[in-house]
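In what follows, a structure is listed as structure tokens, so that the remarks can point back to it.
The values are calculated or read from the model by the stated rules, or taken from the named source; none is laboratory data. Source: prediction; values computed, not measured. Quick reminder, even Gly has a Cβ in these numbers, built from the backbone with ideal geometry, and neighbours come from all protein chains shown. Side chains are part of the model used for accessible areas, which takes the heavy atoms of the whole protein and leaves out ligands, DNA and RNA. Shrake-Rupley method; radii C 1.70, N 1.55, O 1.52, S 1.80 Å.
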Amino acid sequence: MPLMHCRRFIKSLLISCLISLPVSASLIERDYLQLDDGGITYDNESGYEWLDLSFTRSMNLNQYQDYLSSSNDGWMFASSRMVDNLFTQFNLTKKVNVHSGIYEVSEDNSSFGTYHSASGYSYYKPPEKAFIDLVSALTMLGESMSEGSALFGIKGFTSDNINGAYEQYMAYHNGAEDLGILAFGDYHRVPTGKDIQSFFTYRIARPEVNFSSLNISVPSTQVTEPTTLAIFTLMLSLFAFRRYQK
């Protein structure tokens, strides 16, 4: 089995063993810029590819727009509806609370821990293992929190906004795992380039690049001087001819 396929098999096996939260089999990890970077999540049901959130971490809105226009890779800023559909692959859907009129996650809140409602998000103190597993599963989309932060998980903007404040989808917990945060688009902020901010970015799926065939490692060897090589080749030919005559 080729090394790349072996690594992917082992990784998939580990994810299956460690994460009890069901994740749709339609989500497939792909490489983006180089072998084994896993920079793309391919959804074979929608036909979209999602750029890992880590690629747009810490960008402000202008930097992100420049990134999209200069990449020439067909990436686009995803809407909240698209991210809603993506999150259903992790068994997360939205429903309207008839009392407050706002969207809430329809997953059983009690399985995530003691539920608390805040302005645009929910928090669990402490979160149960089901929530920790949810965060681990979602980081398939590109972990966006821990670099420059004491938090682990994902947090990304969508293109839906009100007066420049963009909707965010996020799921993360702190290092002690005694606090978990979950938001489903009702949390609005301005993308100012903080270390824990990213953008949900998608494109219509393209044929997968086989990086294993493009990055063949050839051992470095000393190149023989042309004249010496010619003499050496001639000698081998003479030896072979004499052996053939015998």
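What's the total number of residues in segment 55-78 that are closer than 12 Å to PHE199 by Cβ, under 19 Å from the mean Cα position of the chain (by Cα) and touching a residue at least 60 places away in the same chain (Cβ under 8 Å)?
Count: 11.
Taking into account only those residues within segment 133-163 that are in contact (Cβ under 8 Å) with a residue 40 or more places away in the chain and more than 17 Å from SER58 (Cα to Cα), which is surrounded by the most Cβ atoms within 10 Å (Cβ to Cβ)? Walk me through it before giving the result.
Here is the first cut: in segment 133-163, the ones in contact (Cβ under 8 Å) with a residue 40 or more places away in the chain are 133-138, 140-145, 147-149, 151, 154-160.
Applying the additional criterion that residues be more than 17 Å from SER58 (Cα to Cα) yields 133-138, 140, 160.
Numbers: ASP133: 18, LEU134: 28, VAL135: 25, SER136: 20, ALA137: 22, LEU138: 26, MET140: 20, ASP160: 18.
Out of the qualifying residues, it is LEU134.
A quick yes/no check of all residues on (1) out of contact with any strand residue (DSSP E or B) (no Cβ under 8 Å at 6 or more places or on another chain); (2) closer than 30 Å to ASN44 by Cα; (3) modelled with pLDDT of 95 or more; (4) of a type outside the set (Val, Ile, Thr):
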{"residue": "MET145", "(1), (2), (3), (4)": "no, yes, no, yes"}
{"residue": "GLN168", "(1), (2), (3), (4)": "no, yes, yes, yes"}
{"residue": "HIS173", "(1), (2), (3), (4)": "no, yes, yes, yes"}
{"residue": "PHE211", "(1), (2), (3), (4)": "yes, yes, no, yes"}
{"residue": "THR221", "(1), (2), (3), (4)": "yes, no, no, no"}
{"residue": "PRO226", "(1), (2), (3), (4)": "yes, no, no, yes"}
{"residue": "MET235", "(1), (2), (3), (4)": "yes, no, no, yes"}
{"residue": "ALA240", "(1), (2), (3), (4)": "yes, no, no, yes"}
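Return only the number of the condition from (1) more than 14 Å from the chain's Cα centre (by Cα); (2) modelled with pLDDT of 95 or more; (3) in a strand (DSSP E or B) that GLY153 does not satisfy.
Unmet for GLY153, out of (1) more than 14 Å from the chain's Cα centre (by Cα); (2) modelled with pLDDT of 95 or more; (3) in a strand (DSSP E or B): (1).
Could you please find all residues in segment 178-192 being in contact (Cβ under 8 Å) with a residue 40 or more places away in the chain and either open to solvent by 20 Å² or more (accessible area, probe 1.4 Å) or among the basic types (Lys, Arg) (or both)?
Keep residues of segment 178-192 that are in contact (Cβ under 8 Å) with a residue 40 or more places away in the chain, which gives 178-188, 190-192.
Hits for segment 178-192 are ASP178, LEU179, ASP186, TYR187, HIS188, VAL190, THR192.
Do any strands (runs of 3 or more DSSP E) lying entirely in segment 21-132 carry at least 3 residues that are modelled with pLDDT of 90 or more and open to solvent by 60 Å² or more (accessible area, probe 1.4 Å), and which ones are they? Steps first, answer last, please.
Details: elements: 27-30, 40-43, 48-51, 94-96, 103-105, 113-117, 122-127.
Fully inside segment 21-132 and qualifying: 122-127.
Inspect all residues belonging to segment 84-94 and state whether any of them is of a type outside the set (A, V, I, L, M) and farther than 24 Å from ALA137 by Cα. Outline the logic, then answer.
Of segment 84-94, the ones of a type outside the set (A, V, I, L, M) are 84-85, 87-91, 93-94.
Filter once more, keeping what is farther than 24 Å from ALA137 by Cα: none.
No; the residues of segment 84-94 include none that is of a type outside the set (A, V, I, L, M) and farther than 24 Å from ALA137 by Cα.
Would you check which residues across segment 133-149 are in a helix (DSSP H, G or I) and of a type in the set (S, T, N, Q) and list them? Show your work before the answer.
Within segment 133-149, the first condition is being in a helix (DSSP H, G or I), and the residues that meet it are 133-141.
SER136, THR139 - these are the residues of segment 133-149 that are in a helix (DSSP H, G or I) and of a type in the set (S, T, N, Q).
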